[in-house]
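The values are calculated or read from the model by the stated rules, or taken from the named source; none is laboratory data. As the structure is a computational prediction, the values presented were derived from the model and not from experiment. Note: ideal-geometry Cβ built from the backbone for every residue, glycine included; neighbour counts use all protein chains shown.
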């Protein structure tokens, strides 16, 4: 064991993989011709599917598990470079930021569903709670915007706690019904409630942090003007990086172990002395907090919230992203989010058919590859555990 | 509030309750037989309504004039075709996933429902617009004060209740019903005894889906309008009704259906803004689930650990 | 892909060469309207009309540029509208827009157009706030607002001796706006509102509201909302035995209303700004050319306005070139512009004044101008007060 632990894996395959992904992201957002987009998409999916089976894939996995720190910085750098390359392009940056924020919300769903097995069909509702909180607080109070984001998360968690009692008392289908009923209730409530804008929704002021207004274009010299979405994209990137760090620590810790135990077999966990209720509450609340923060940031970026953005169908999209990506695998979730959110925008011909296609796709995944694009890897108790 | 006004509200509630109960019975049948919540049920209902519309258009084009014949044609075609659809969904989507975790089943049926919904929206001509449904039933009415009883409402309520009673009789008094109940109670033993498990399951799904198609045509005949999104809310309401009543129990489904309709009507009367009725009804559903986690008529089952 | 400066240089070289040959630079316009959903008839009519304007302009040899119309669907939902507006505005190759039939969407998107500096001309949304609640120089409107139609409606209906109204309106800004203005003008003209009911825009079942209304015994049911809801309410009024005149707004003046109701539509009233297309100055010519293109859908009530808006925008571009800021300033200065819908002059809030309000009634399955109908000359009667 000690001999294995002493063996340091080579890092360059992992760096190369990060670089390849960054290049792909740049190309994907840049190309316009439809056949090029389709080819890139298909190629990416095939590459991801094959990734796990090759030795290169194993090497990359080993590197990430043993020496994550330099690799993480490398990934952050690569992402920043991609964002910088699109500095003047409004739409590309908007897409990047959307993927990052939806990815953040879906990471919250992964904690609930992938780690603790608590199904949540109202993810979009908690996303919406964060959005509406941002709308109300930013318009009517002078609360600094970082605190507004935090408030969005806290309120989402608080409202989620209303559902905790019914969720704890029910299992399986019944628990699913609770979250579905809540999703519908939330949207209907927003629509009939005039104080929160009714069906017309609310306008949300742009983010201001430390005097820097996120909603103004950034002039760079005389001729060029960087898109104001750049600020949002960078901010979302930092938020997501923080969330990924949090999730990794959570998964590796005894907290994550407890969540997994509860998910795999509730009765056995209870027999072994795990307080099932406590772990479910933790996962559910933490997941909702993440979704709330993401929702608040998204609302400030788009400048608008309306009940029609947070329907049951949107929650289903989030659940599809989590399943498609591979339950419990954060990287898979991000890849799926990118696929589900960006592909319809680039591939205009499928824009109208996107719900149909993605539902069909999920059906195929569930029938033939239920573990998703990037299945969750085996738990690693110690760095290097179980790898050659 | 005078009695006839109250009577009008009761009548409205009865109409809604009948439709919800028909959907809820379907859910309960599927759950009883396969332990599965088929979320595509609401959208199957919607496809049934559209099938009825297409049948009407086809029959009118062929020159059929009589309203009675048209109604019959619409109902029969919807019921038969959707029974096939339900069986097909069971065969290819639900049965293969029998061993998988229940959440996968839930998801696959949800996605199947979305596929049905989007397919109608995209491929039916101008599918995204609400479509007028023909007025085939007699429109005369009789009034008692503020209460207006229209013949078509009466016919539809009677038809809905009759179909539920028919399904109930089928399940409790026939050999097929006996087989269904046997498979629902213990599928392994049923197979050991020689029952064709797959066939029974397909038949059950066919019956449940046929009932949903009838509910869809009923909704179309009552509101004189169908649209591609009508299945989603009806499906969730039907599911809530079935759960609140107690999954697997036919009486519970009927009870749940009328209860939900009653809650909606009550909410519409109580609240100054009638639109809060859905919020009220769903909130009560969540509360009932908290109080009785397996429904009002509780599931009696032992769980093998 | 070549780096940006090199591409720009290449483009310039090509342009110069092209200019020598006579080819024109391509300029993009965006059209946004409800192409799917309950009011898609109006959106498609508007899109076809804008498309017609672009085609006619491209066929004109004297035009300096070649125009391309990008049509986007806002589904009559504010959030989708904001998404497509953002998409169009962030595309720097789109110079100007002809936007929105649904007031709810137009209200939500004004901020987006202002943020990105995209000049737009509204062709079908009637909520006054769209031009009056802010001072964004980017937003213009060629059609009228709901203030005038409700004023005329109140005066006309009280003139017919009706006194008791029940108001149903949808809870979007559009419905609420109608409720506000109609109630105001009705009070001034001596009418009485016995009950007001707000309903959600996608509500299916109105038995609760209509049962209450039946109890209140109004003479007229006023509906502030758009066609799909109007169809449902009118149908269910009949089912529950509510006997009252059905009075709507410009939102129900569409063929889809009559298709959805069949014989029940008979005797419904509505009020709309502007004249029916046949009676507009350029109306006949517009219809001829529209029909020559053989579109799948008719221009509907606001097609002519979309046509006028598209031409207004293209004329501005012809004059000052494809630059958003310049086009915006040029549009702001519009005075006495001759179009198919009459003279367009923008006031200080860039709103065109459309003084004429037409009263419509459904007769034998068609929307007929009141003065031409058999109701006006007494041959047929509405439900009497």
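Observations
- Candidates A:103, A:114 - the one that is touching a helix residue (DSSP H, G or I) at 6+ places or on another chain (Cβ under 8 Å), buried (at least 20 other Cβ atoms within 10 Å of the Cβ) and modelled with pLDDT of 90 or more: A:103
- Taking helices (runs of 4 or more DSSP H) as the structural unit, those lying wholly within the range A:221-278 and holding at least 2 residues that are in contact with a helix residue (DSSP H, G or I) (Cβ under 6 Å, 6 or more places away or on another chain) and over 18 Å from residue A:113 (Cβ atoms) correspond to A:229-252.
- Flag for residue A:239 being without any contact (Cβ under 8 Å) to a residue 12 or more places away in the chain, under 16 Å from the mean Cα position of the chain (by Cα) and farther than 26 Å from residue C:109 by Cβ: no
- Residue B:6 being surrounded by fewer than 16 Cβ atoms within 10 Å (Cβ to Cβ), modelled with pLDDT under 90, touching a strand residue (DSSP E or B) at 6+ places or on another chain (Cβ under 9 Å) and farther than 30 Å from residue A:363 by Cβ: yes
- Within the range C:91-108, tally of residues that are more than 15 Å from the chain's Cα centre (by Cα), farther than 22 Å from residue C:53 by Cα and buried (at least 24 other Cβ atoms within 10 Å of the Cβ): 1
- A residue that is outside any helix (DSSP H, G or I), within 14 Å of chain C (Cβ to nearest Cβ), surrounded by fewer than 23 Cβ atoms within 10 Å (Cβ to Cβ) and touching a residue at least 60 places away in the same chain (Cβ under 8 Å) occurs nowhere in the range B:247-259.
So that you can scan it fast, the table gives a plain yes or no per residue for (1) more than 10 Å from chain A (Cβ to nearest Cβ); (2) touching a strand residue (DSSP E or B) at 6+ places or on another chain (Cβ under 8 Å):
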{"site": "C:83", "(1), (2)": "no, no"}
{"site": "C:86", "(1), (2)": "no, no"}
{"site": "C:93", "(1), (2)": "yes, yes"}
{"site": "C:99", "(1), (2)": "yes, yes"}
{"site": "C:116", "(1), (2)": "no, no"}
{"site": "C:135", "(1), (2)": "yes, no"}
{"site": "C:158", "(1), (2)": "yes, no"}
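- The number of residues in the range C:273-290 being exposed (fewer than 12 other Cβ atoms within 10 Å of the Cβ) and closer than 19 Å to residue C:366 by Cβ comes to 1.
- Selected residue [in contact with a strand residue (DSSP E or B) (Cβ under 9 Å, 6 or more places away or on another chain), not in a helix (DSSP H, G or I) and not assigned by TED's automatic domain parsing to the domain that holds residue C:164] from C:218, C:281: C:281
- Here residue A:299 fulfils each of the conditions (1) out of contact with any strand residue (DSSP E or B) (no Cβ under 6 Å at 6 or more places or on another chain); (2) modelled with pLDDT of 85 or more apart from (1).
- Failed criterion for residue B:190 (all others in (1) more than 9 Å from every other protein chain (Cβ to nearest Cβ); (2) surrounded by 17 or more Cβ atoms within 10 Å (Cβ to Cβ); (3) not in a helix (DSSP H, G or I) hold): (3)
- Filtered residues of the range A:358-372 (kept if touching a helix residue (DSSP H, G or I) at 6+ places or on another chain (Cβ under 8 Å) and either more than 15 Å from residue A:328 (Cα to Cα) or in a helix (DSSP H, G or I) (or both)): A:358, A:359, A:360, A:361, A:362, A:363, A:365, A:366, A:367
- Flag for residue B:211 being surrounded by 24 or more Cβ atoms within 10 Å (Cβ to Cβ), within 10 Å of chain C (Cβ to nearest Cβ) and either assigned to a helix (DSSP H, G or I) or modelled with pLDDT under 85 (or both): no
- Exactly one residue out of B:176, B:122, B:95 is part of a helix (DSSP H, G or I), facing another protein chain (nearest Cβ under 9 Å) and either out of contact with any helix residue (DSSP H, G or I) (no Cβ under 6 Å at 6 or more places or on another chain) or at positive phi (or both), and it is B:122.
- Extreme residue, farthest from the other protein chains (Cβ to nearest Cβ), among residues of the range C:160-170 that are more than 28 Å from the chain's Cα centre (by Cα) and under 11 Å from residue C:245 (Cα atoms): C:162
- Restricting the range C:179-198 to residues that are within 14 Å of chain A (Cβ to nearest Cβ) and outside any strand (DSSP E or B), the residue that is nearest to residue C:247 (Cα to Cα): C:179
- Counting the residues of the range B:110-137 that are closer than 14 Å to residue C:239 by Cα and without any contact (Cβ under 8 Å) to a residue 24 or more places away in the chain gives 0.
- Only one of A:309, A:320 that is within 14 Å of chain B (Cβ to nearest Cβ), touching a helix residue (DSSP H, G or I) at 6+ places or on another chain (Cβ under 9 Å), under 18 Å from residue A:101 (Cα atoms) and at pLDDT below 90: A:320
- For residue B:218, the conditions (1) farther than 26 Å from residue A:161 by Cα; (2) surrounded by fewer than 22 Cβ atoms within 10 Å (Cβ to Cβ); (3) within 14 Å of chain C (Cβ to nearest Cβ) all hold with the exception of (2).
- Set side by side, the residues A:375, A:383 differ, and just one is modelled with pLDDT under 85, assigned to a loop (DSSP other than H, G, I, E, B) and either under 15 Å from the mean Cα position of the chain (by Cα) or under 18 Å from residue A:51 (Cβ atoms) (or both), which is A:375.
- Just one residue in the set C:53, C:59, C:71 is over 20 Å from residue B:229 (Cβ atoms) and out of contact with any helix residue (DSSP H, G or I) (no Cβ under 9 Å at 6 or more places or on another chain); that residue is C:59.
- Selection count, the range A:64-96, where residues are touching a helix residue (DSSP H, G or I) at 6+ places or on another chain (Cβ under 7 Å) and closer than 17 Å to residue A:249 by Cα: 2
- Restricting the range C:239-263 to residues that are in a helix (DSSP H, G or I) and out of contact with any strand residue (DSSP E or B) (no Cβ under 9 Å at 6 or more places or on another chain), the residue that is farthest from the other protein chains (Cβ to nearest Cβ): C:263
- Only a single item in (1) assigned to a helix (DSSP H, G or I); (2) within 10 Å of another protein chain (Cβ to nearest Cβ) is not met by residue A:294, and it is number (2).
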